[in-house]
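Peer 1: Next up is a structure, given as structure tokens.
The values are calculated or read from the model by the stated rules, or taken from the named source; none is laboratory data. Every value quoted in this text rests on a predicted model; they were computed, and no experiment measured them. Here Cβ is always computed from backbone atoms with ideal geometry, including for glycine, and neighbour counts include all displayed protein chains. Surface accessibility is based on the protein's heavy atoms, side chains included, excluding ligands, DNA and RNA. Shrake-Rupley method; radii C 1.70, N 1.55, O 1.52, S 1.80 Å.
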Amino acid sequence: MRAPTWTEDELILAGALVVKNGWRELRTKDPEVQELSELLRSLPIHSPDALALPDFRSPDSVSRKTTDFMSNHSLYPGKATRCGKPTLLMIEAFTDREAEMLEAARAIEEGIASGELYGIPVQPDEIDDTGAVAIEGRLLVRRALARERDPKLRALKIKEMRRRGHALRCEVCDFDFARTYGDLGEGYIEVHHVTPLYTSGPRKTRLEDLACVCANCHRMCHRSRPGESWRTPSALREQIRKSASRAAH
Ligand SMILES: [Zn+2]
Ligand SMILES: [Zn+2]
């Protein structure tokens with residue numbers, strides 16, 4: 001078995017190291033590289049087969065990855081090393097939205113350090129059916145999905161909407177299950193995080209962190225495209241607006 005390619009989670013952590021080092025590579029002996037190698041090996045996303053490989057995420061391989069980040073950056077004057085598309089997309093993400101990506105790295109590190117991310121079971125669609133995952137990685141998606149699936153939290157959100165006299169409508173497209181399906185749709189709505197993956201943090205999800213969405217919009221919020229984030233309801237609304245204005249031209 002060959003070492004599996006680097007996942008988004010791992011690329012985020014390596015990318016953050018390089019960015020904090022001024023987009024310069026780090027050597028194998030660097031204590032930060034040693035530390036990252038250990039952290040990567042501990043992430044609850046690897047198969048036992050991968051972990052058994054002698055060079056799997058060794059300090060050498062981590063150092064090589066930092067070289068990929070440095071040398072494939074558009075401002076690097078020298079020759080670029082060869083690396084895969086996911087690394088190039090991650091370089092782009094760190095270049096375009098450095099603060100957010102550093103936040104995502106911090107959220108993963110915190111969740112690992114506190115043990116929280118080890119305690120969440122694998123969620124069925126943390127990787128979507130095309131095999132893609134949000135650029136922020138599987139672990140933050142896993143945490144958000146686990147929270148959204150909590151039936152108690154969803155029931156509380158629905159109760160609160162009703163208490164405030166709000167109809168259960170999709171906050172993105174206005175779809176109302178009861179209006180279309182009658183009794184059958186009564187009381188049905190799904191919930192999705194209003195905040196991006198990296199901001200939900202270790203604190204408990206509050207009701208105002210959740211939006212009510214229909215099943216279609218919810219799917220589109222979660223649909224992964226390489227190099228893109230999980231969509232929040234407002235990002236999805238923006239997507240609909242853009243696509244409508246394109247259709248109008
Ligand atoms: Zn909708
Ligand atoms: Zn969701």
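Peer 1: Go ahead and run the numbers for FRET between A80 and E228, Cβ-Cβ distance against an R0 of 22 Å, rounding to 0.05. Write out the running numbers ahead of the final one.
Peer 2: Values: r = 23 Å, r/R0 = 1.06.
Plugging the Cβ-Cβ distance into 1/(1 + (r/R0)^6) gives 0.40.
Peer 1: Here's something else I'd like to know. Could you give me the percent of Cα pairs per 10 Å distance bin for the chain, shortest bin first, beginning at zero and ending with the bin that holds the maximum distance?
Peer 2: All Cα pairs considered, the percentages come to 7, 28, 31, 20, 10, 4, 0.
Peer 1: Over the chain, calculate the relative contact order: mean separation of alpha carbon pairs under 8 Å at least 6 apart, over the residue count, as a percent.
Peer 2: Values: 319 pairs, mean separation 45.0, N = 249.
The normalised contact order for the chain reaches 18 percent.
Peer 1: I've got another one for you. For D176 and E116 in one chain, what is 0.36 nm times their gap in residues minus the Cα-Cα distance, to one decimal in nm? Can you show the working numbers first?
Peer 2: On the way: separation 60, 0.36 × 60 = 21.60 nm, distance 3.55 nm.
The span from D176 to E116 would gain 18.1 nm if fully extended.
Peer 1: Looking only at I120, I108, I135, which one moves most when the chain is put into a Gaussian network model with springs between Cα atoms under 10 Å?
Peer 2: The residue with the greatest mean-square fluctuation here is I120.
Peer 1: If you roll a 1.4 angstrom probe over the protein chains with everything in place, what fraction of the accessible area of segment 102-249 belongs to carbon and sulfur, to the nearest %? Spell out each step's value before the answer.
Peer 2: Numbers: 4330 of 8130 Å².
So the carbon and sulfur contribution to the accessible surface is 53 percent.
Peer 1: Here's another thing I want to ask about it. Taking 7 Å along the Cα-to-C-beta vector as the label spot, tell me the E109-M161 distance in nanometres, rounded to one decimal.
Peer 2: Taking the two extended label points, one gets 3.8 nm.
Peer 1: Here's another thing I want to ask about it. Take peptides 187-196, 7-16 and line them up by average Cβ neighbours within 10 Å, highest first, as a rough protection proxy.
Peer 2: Details: 187-196: 19.1, 7-16: 25.1.
The peptides rank, most packed first, as 7-16, 187-196.
Peer 1: Now for a separate question. Run the quick spin-label model on V194 and R241: label points 7 Å from Cα toward the beta carbon, then report their separation in nm to one decimal.
Peer 2: Label at V194, label at R241, 1.7 nm between them.
Peer 1: So how tilted is helix 85-96 from the main axis of the chain? Cα-based, degrees 0 to 90, rounded to 10.
Peer 2: On a 0 to 90 degree scale, this one is about 70.
Peer 1: Can you list which of the trypsin sites (Lys or Arg not before Pro) found in segment 1-70 are DSSP loop residues with at most 10 other C-beta atoms within 10 Å? Could the numbers behind the result be given before it?
Peer 2: Details: sites: R2, K20, R24, R27, K29, R41, R57, R64, K65; in loops: R2, R24, R27, K29, R57.
Passing both the DSSP loop test and the Cβ count: R2, K29.
Peer 1: Moving to a separate point now. Do the sum for the chain: with -39,500 (n - 2.57) for every DSSP H run of n ≥ 4, divided by all residues, what is the mean residue ellipticity at 222 nm, to the nearest 500 deg cm²/dmol? It would help to have the intermediate numbers written out before the result.
Peer 2: Working: 12 runs with 129 residues, N = 249.
Value at 222 nm, helices only: -15500 deg cm²/dmol.
Peer 1: Can you compute 3J(HN,Hα) from phi for each residue in segment 16-28, using the Karplus curve 6.51 cos²θ - 1.76 cosθ + 1.60 with θ = phi - 60°, rounded to whole Hz and x for Gly and Pro?
Peer 2: 4, 4, 5, 4, 5, 9, x, 6, 10, 5, 10, 7, 3
Peer 1: Taking H placed 1.01 Å from N in the peptide plane, check which residues at least 5 places from V191 or on another chain put their amide H under 5 Å from its amide H.
Peer 2: V213
Peer 1: Determine how large the accessible area of V133 is when every protein chain is in place; take a 1.4 Å probe and give Å² rounded to the nearest 10.
Peer 2: For V133, the solvent-accessible surface is approximately 10 Å².
Peer 1: How charged is the neighbourhood of S37? Take every other residue with its Cβ under 12 Å from the Cβ of S37, and add Lys/Arg as +1 and Asp/Glu as -1.
Peer 2: Numbers: positive: K29, R41, R57, R64, K65; negative: E10, D30, E32, E35, E38, D55, D60.
Once positives and negatives cancel, what remains is -2.
Peer 1: How would you classify segment 1-126 from its alpha-carbon gyration tensor, with a ≥ b ≥ c the square roots of the eigenvalues: rounded for a/c under 1.5, else prolate if a/b is greater than b/c, otherwise oblate?
Peer 2: Numbers: a/c = 1.64, a/b = 1.33, b/c = 1.24.
Because a/c hits 1.5 or more and a/b exceeds b/c, segment 1-126 counts as prolate.
Peer 1: Using a Förster radius of 35 Å, what is the FRET efficiency between K29 and K152 based on their Cβ-Cβ separation? Nearest 0.05, please. Please report the intermediate quantities before stating the final value.
Peer 2: Numbers: r = 49 Å, r/R0 = 1.41.
So, using R0 = 35 Å, E works out to roughly 0.10.
Peer 1: Starting from the residue with the highest accessible area, list D55, D209 in decreasing order, probe 1.4 Å. Mind dumping the intermediate values first?
Peer 2: Details: D55 75, D209 10 Å².
Largest accessible area first, the list is D55, D209.
Peer 1: For segment 37-156, with every protein chain kept in place, what is the accessible area per residue (1.4 Å probe, Å²)? Don't jump to the answer; show the numbers that get you there.
Peer 2: Working: 5960 Å² over 120 residues.
I get 50 Å² per residue for segment 37-156.
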